[in-house]
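The values are calculated or read from the model by the stated rules, or taken from the named source; none is laboratory data. Computed from a prediction, not measured in an experiment: that's the story for all the values here. Counting neighbours? That spans all protein chains shown, and the Cβs are built from the backbone with ideal geometry, glycine included. Side chains included, ligands, DNA and RNA excluded: accessible areas come from the protein's heavy atoms. Shrake-Rupley method; radii C 1.70, N 1.55, O 1.52, S 1.80 Å.
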Amino acid sequence: MLVTPPPVTVPTTRQRSIRKSRPMRMIQANMAASRNNNLNISASFAGVMNEKHCPEHLQVLKTFTTELRDKEYRDAVEEEVFSGLLKVLSQLRDELQAVSGEDQDLQSVALQLQLTAECFRAQRNACVQSTRNQCVLRELGFIDVSLKVLSLLQTTNMEGRDDIFEPLRCGIQFLGNLAVGNQMCKDDIWQLSFPNLLLQLLSVDDVKTINYTSMVLHTCLDETKVEELSEPQNIQLALRVMELCRTQPDLDWTVLIATQHFLKSSALVESMYSGMSHHERVTLLELLFAQLREEDSDECGVPPSVARFLASSFQKGCGAVLTLATGSASSDEVLQEALTVISLLDVLCEMTSDLRQFMFLQDHPDLLMTTVELLEQVHAIGKASKNIFSAAQNFSFSGDGDASPVISFKAHLIRLIGNLCHSNTNNQNKVRELEGIPLILDNCNIDSNNPFISQWAIFAIRNLLEHNTQNQELVAALERRGTTDYSALKELGFLVEERDGSLLLKSVRKDS
């Protein structure tokens, strides 16, 4: 059966025109509403400026702040509205600047601070995911005025007021949002706040203010700005960040600044290190140690110049450790210096355990010689009398917290020697010439003051003998003369065996 399709109704020209005009009318209506809204906000801002401040003015700003959370609304705000907001902020700055300690109206100042905080909140919200608004606020001059307000809030006139923290926090959050993804804003903030204002903000007695300031600093920093920090007149800002890493380690942004920016610059590391107390140096070294131990990270290395600088610092200060055993450590300063050297040794061991790092240190002038000689001195002191370098067999756990600061020091010296001799004939020969091989073999016994010293000694001997006939012959001669006891090696599962004139380190069963 043939079915006839229904007739197709073709819309008339007038109907098509009506359908097309509806969306257009909606767009036009929205645009008109947006313009009216902008006009209303501008008029409200004018009222805030021209009338005596009251809670209704605060509500005007809060309403604007809330509206700015909506992306469509943010994108529709006209430059004229932001210009009115800047005038309000500028007037508040002038009013706060006029406040004197003697005749201030406490309620009036409190409201001014609340209005200032709300201005900053509106600015902060305006910048969220909006490059257009970032650029508009920058061109209007918001950065300069906002930084002046933040500086003003730290003057003596505001001292002791708890209500300054809210505008401080909101103002710094605004700078952070303004800087995200916008290089021109980053550069302007840096130029107008570095170094003094940033240093002041990092010194405020408020954890949130410090954390938000650290966020801004981290966002603005780049290689060029880090180099500026290393200059003598600016170094205090870097030192303040490192001090915060030590005193407030839970502040993630300061740790990120140190690890992702500071430790990448040899000039800054050297400048900071020379200006730091030993406590602060240990903090820097602990951060570096943690960074080096990060696995599967291409960012974990440090520049070769930093590695060499730390090696030289270890060489210069290593004598301080010896004073801990000789009793000549007469002050806490000497003790802290020794702890710094111990931390340096830990970092050097970690660096030379990484193929990307150890090549920078294998050929460092005199590092190996210094390490071998220090091991020899420490070993001799430990044998001469009962002291912190003497071997011990005390494996009972004590929770009194009085552990020696040199725990594992000898083991780490041997570890460093082994690392530096890995596939390096010159260093292998140098250790033999310094009579370091018998010294290392004499540390194959288990020592509770140096956990894993036996394993590190075996590791070092393995690296010293590998493809080095002269070192193998030396150990063979020591065995034939009976000057070396290999029972400790056998206890650990190894046997020194001479075969065809060469000495082999062979793995055996412990019960054989």
(message) Test of understanding: among LEU175, LEU192, which residue is surrounded by 18 or more Cβ atoms within 10 Å (Cβ to Cβ), in contact (Cβ under 8 Å) with a residue 24 or more places away in the chain, aliphatic (A, V, I, L, M) and in contact with a helix residue (DSSP H, G or I) (Cβ under 6 Å, 6 or more places away or on another chain)?
(response) LEU175
(message) Looking at the structure I just gave you, is VAL128 within 28 Å of LEU199 (Cα to Cα) and not in a helix (DSSP H, G or I)?
(response) yes
(message) Being assigned to a helix (DSSP H, G or I) and among the hydrophobic types (A, V, I, L, M, F, W, C): is that true of VAL149 here?
(response) yes
(request) Go through segment 109-160 and give me each residue that's open to solvent by 40 Å² or more (accessible area, probe 1.4 Å), among the charged types (D, E, K, R) and either in contact (Cβ under 8 Å) with a residue 24 or more places away in the chain or in contact with an Asp or Glu (Cβ under 8 Å, 6 or more places away or on another chain) (or both). (result) ARG121, ARG124, ARG132, ARG138, ASP144, LYS148
(message) From the list SER266, SER328, SER297, SER312, exactly one residue is polar (S, T, N, Q), at pLDDT below 90 and open to solvent by less than 50 Å² (accessible area, probe 1.4 Å). Which is it?
(response) SER297
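Going by what's in this entry, would ALA43 be described as over 23 Å from GLN114 (Cα atoms), of a type in the set (Gly, Ala, Ser), at pLDDT below 95 and assigned to a helix (DSSP H, G or I)? Before the answer, list the steps.
Numbers: over 23 Å from GLN114 (Cα atoms): no; of a type in the set (Gly, Ala, Ser): yes; at pLDDT below 95: yes; assigned to a helix (DSSP H, G or I): yes.
Here the answer is no, as ALA43 does not meet what is asked.
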(message) Can you report the number of residues in segment 316-325 which are at pLDDT 90 or above and surrounded by fewer than 19 Cβ atoms within 10 Å (Cβ to Cβ)?
(response) 2
(message) Looking at segment 79-108 only, could you name the residues that are open to solvent by less than 70 Å² (accessible area, probe 1.4 Å), of a type outside the set (Phe, Trp, Tyr) and under 25 Å from LEU39 (Cα atoms)?
(response) VAL81, SER83, GLY84, LEU85, LEU86, VAL88, LEU89, SER90, GLN91, LEU92, ARG93
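Going by what's in this entry, would ALA411 be described as farther than 19 Å from SER353 by Cβ and of a type in the set (Gly, Ala, Ser)? First the steps, then the outcome.
Numbers: farther than 19 Å from SER353 by Cβ: no; of a type in the set (Gly, Ala, Ser): yes.
Here the answer is no, as ALA411 does not meet what is asked.
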(request) Could you grab me the full set of residues in segment 421-441 that are out of contact with any Ser or Thr (no Cβ under 8 Å at 6 or more places or on another chain) and of a type in the set (A, V, I, L, M)? (result) VAL431, LEU434, ILE437, LEU439, ILE440
(request) Quick one: THR371 ticks every box in (1) closer than 21 Å to LEU439 by Cα; (2) open to solvent by 10 Å² or more (accessible area, probe 1.4 Å); (3) hydroxyl-bearing (Ser, Thr, Tyr) except a single one, so which number is it? (result) (2)
(message) Take the conditions within 12 Å of the chain's Cα centre (by Cα), surrounded by fewer than 18 Cβ atoms within 10 Å (Cβ to Cβ) and either charged (D, E, K, R) or modelled with pLDDT under 95 (or both) and apply them to ASP205. Does it pass?
(response) no
(request) Please state which one of ALA384, ALA411, ALA392 is of a type in the set (A, V, I, L, M) and at pLDDT 95 or above. (result) ALA411
